[in-house]
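Inspection log for the structure reproduced underneath, given as structure tokens.
The values are calculated or read from the model by the stated rules, or taken from the named source; none is laboratory data. This structure is a prediction, so every number in the text was calculated from the model and none was measured. Neighbour counts run over all protein chains shown; Cβ positions are idealised from the backbone, glycine included. We work out accessible area using only protein heavy atoms, side chains counted, and drop any ligands, DNA or RNA first. Shrake-Rupley method; radii C 1.70, N 1.55, O 1.52, S 1.80 Å.
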Amino acid sequence: MLALVVLYLVALLILGLIAERSGRKDPEGYFLAGRSFKPILLFFTMAATNFSAFFFLGFSGYAYSYGFGEYGVMALGTAFMPIMFYIIGRKAWKLGKEKGYATAPELIGGEMDSRTLRLLVMAVMVIFTLPYLAVQAVGAGLIINALSGTDALLGAVVVTIVIGIYVSLGGMRASGWTDVLQGILMFSAMLMAGIFIANALGGFEAAGESAYSAYPEFFKRDRMFSVGVWISFIVLWIFADPMFPQLFSRFYTAKNEKSLKLTMIVYPFLISFLFLIPVLVGVWARGTGLQVDAPNQVMIVMVQNYTPAWVFYLVMLGALSALMSTADSQLFSISSMAVRDTNIGRRFGEVRTGIVMTWMIVAGIILYTIYFFNSSSEIMTFLIKNSFSGLAILSPVFLAALYWRRTGRMSAVLSIILGETYVLLSWGGMTPATGFLDGVVALSISAASLVVLSYAEDFLGRHRRALHGNP
Amino acid sequence: MAELSEKRKRIVFAAGFLILLILSVDFWNWNSSKPLIMGMPFWVVWDIVIVLLIGVYYILFCRYLWRD
């Protein structure tokens, strides 16, 4: 099935080439597709970027390990999250149009008039995005190996280079257009997997009842999720998702507010059934008596066992699409920040620097893949596991910058540092048990400290001005 | 809805969002697994309904509160 993989990768390259030929060549055209994404395009690029390989393979793995609770935390949190398209996205889109912002740190730096804050936000975003991007290359290699028998390391390198080519060629436009193809592939693959597996197991009811009679505890939540943990996941998804730089930058690309509105409305309807399928497959696997060493392989094994070969290929391609659509957006958002937020682009030309940056990151990922393909470092695992917590901590500062004039610059910097410190302490097991996820506690610390310190900063500022008579 | 003042609309929609948030933490179903509906525990069906209600909430939100 090597031909199928090659065909898919060539299709992505062609889309990248067309995007390069048809778009504007100025920075706004390259980094934001000229702020031209219409509703359907914005929806697909947002969803394909948001739903990574974890949705495709991880959900079923968690459901196989812990039961149905996985659906609730993922679907509810992700369904509530689009309210942020209004609270943060609409404002970011408007300000982006008025002031030319193209990245999230640019907005913070501009609205708060602070270069320190801009660089700090950029650093946090890069630190929690880059490791995620690096391990996706490894995942791509493993999928290509399962699909075509090609050496996994070679597959990882090829996929990374293909992403580098179409992203550097067509910028945001290429990333968005390929997301449409990848989104269609992953959504249809997931649907096919659900339908065929359910059919092979005698229908939804029979598959569910068989799993229930074997493992009734998988149909309860108390095994894995307390009420506190459930609430934590919902809160974390709402505040963390918009802080992923690859999602935030898409707010700027909307042609108009209709694009943001449609994306907001369609999200829950899509999630309601799309997130259910991998969870059902994971739970049903228990009813079949399937035993796997790595839970993330459950979806693949179930598809192999219960669907025709073409569905298996479609599902593997869907998994690859889920992975690549997130990875290309992450790559492009990191290179955009490196160009726009460090001012390197102004010296050498933004688009040219963007292309160079993209290839430098690609080279770094390839080196990482070659040296760490069969091993994982502790720090990388920590950063990936805590990327939601680490990024959620930025949200109070963004909300304050957009809605609260009293916000102090120093307070914003300190609130981020305090929140991230708590996340770091949780790594060492030095945080107390609260019944909630550490990420939510860190988010609360960050928000509370921002409010308290801003009042103090404001008071001290006025006191100083009164003393010295400054205006 | 159309004739409500902007401030009242905001209050209504904020209250609606809060109610959906509360309903999404169905602690009263927490330790139950029966009855099974289409092979799923009742509370999963409840979650699906809440997710769909959030979609309906966004339709109303975009129609009555989010003006271009």
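For this structure, a couple of remarks:
- Restricting attention to the range A:25-51, the residues being more than 14 Å from chain B (Cβ to nearest Cβ) and open to solvent by 10 Å² or more (accessible area, probe 1.4 Å) number 13.
- Test: A:Lys261 is under 27 Å from B:Val45 (Cα atoms), among the charged types (D, E, K, R) and open to solvent by 10 Å² or more (accessible area, probe 1.4 Å): yes
A quick yes/no check of all residues on (1) open to solvent by 70 Å² or more (accessible area, probe 1.4 Å); (2) facing another protein chain (nearest Cβ under 10 Å); (3) touching a residue at least 40 places away in the same chain (Cβ under 8 Å):
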{"site": "B:Leu18", "(1), (2), (3)": "yes, no, no"}
{"site": "B:Leu21", "(1), (2), (3)": "no, yes, no"}
{"site": "B:Phe27", "(1), (2), (3)": "yes, yes, no"}
{"site": "B:Ile37", "(1), (2), (3)": "no, yes, no"}
{"site": "B:Met40", "(1), (2), (3)": "no, yes, no"}
{"site": "B:Ile48", "(1), (2), (3)": "no, yes, no"}
{"site": "B:Leu52", "(1), (2), (3)": "no, yes, no"}
{"site": "B:Phe61", "(1), (2), (3)": "no, yes, yes"}
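- Residue pairs whose Cβ atoms lie under 9 Å apart, sitting 6 or more positions apart in sequence or on different chains, and linking a residue in the range A:131-155 that is without any contact (Cβ under 8 Å) to a residue 12 or more places away in the chain to a partner that is outside any helix (DSSP H, G or I) and not hydroxyl-bearing (Ser, Thr, Tyr), are A:Asn145/A:Asp151.
- Complete set of residues in the range A:282-301 that are assigned to a helix (DSSP H, G or I) and more than 26 Å from the chain's Cα centre (by Cα): A:Trp284, A:Ala285, A:Arg286, A:Gly287
- Scanning the range A:228-253 for residues that are open to solvent by 50 Å² or more (accessible area, probe 1.4 Å) and either closer than 17 Å to A:Tyr66 by Cα or among the basic types (Lys, Arg) (or both) turns up nothing.
- Residues in the range A:238-265 that are facing chain B (nearest Cβ under 8 Å), part of a helix (DSSP H, G or I) and not basic (Lys, Arg): 3 in all.
- Residues being surrounded by fewer than 24 Cβ atoms within 10 Å (Cβ to Cβ) and touching a helix residue (DSSP H, G or I) at 6+ places or on another chain (Cβ under 7 Å) - total across the range A:335-346: 3
- Filtering the range A:67-83 to residues that are open to solvent by less than 10 Å² (accessible area, probe 1.4 Å), under 17 Å from A:Leu42 (Cβ atoms) and of a type outside the set (S, T, N, Q) leaves A:Met81, A:Pro82.
- Any hit, the range A:58-69, residues being over 15 Å from A:Gln246 (Cβ atoms), under 18 Å from the mean Cα position of the chain (by Cα), within 12 Å of chain B (Cβ to nearest Cβ) and assigned to a loop (DSSP other than H, G, I, E, B): no
- Residue within the range A:207-227 that is more than 18 Å from the chain's Cα centre (by Cα), more than 12 Å from every other protein chain (Cβ to nearest Cβ) and outside any loop (DSSP other than H, G, I, E, B) present: yes
- All positions within the range A:1-19 that are touching a Phe, Trp or Tyr at 6+ places or on another chain (Cβ under 8 Å) and within 13 Å of A:Leu320 (Cα to Cα): A:Leu4, A:Leu12
- Test: residue in the range A:108-116 that is among the acidic types (Asp, Glu) and within 30 Å of B:Val51 (Cβ to Cβ): no
- Of all residues in the range A:187-206, those satisfying the criterion of being assigned to a helix (DSSP H, G or I) and in contact with a helix residue (DSSP H, G or I) (Cβ under 6 Å, 6 or more places away or on another chain) are A:Ala189, A:Met190, A:Met192, A:Ala193, A:Gly194, A:Phe196, A:Ile197, A:Ala198, A:Ala200, A:Phe204.
- When we screen A:Phe273, A:Phe312 for residues that are under 22 Å from B:Met38 (Cβ atoms), open to solvent by 10 Å² or more (accessible area, probe 1.4 Å) and not basic (Lys, Arg), the only hit is A:Phe273.
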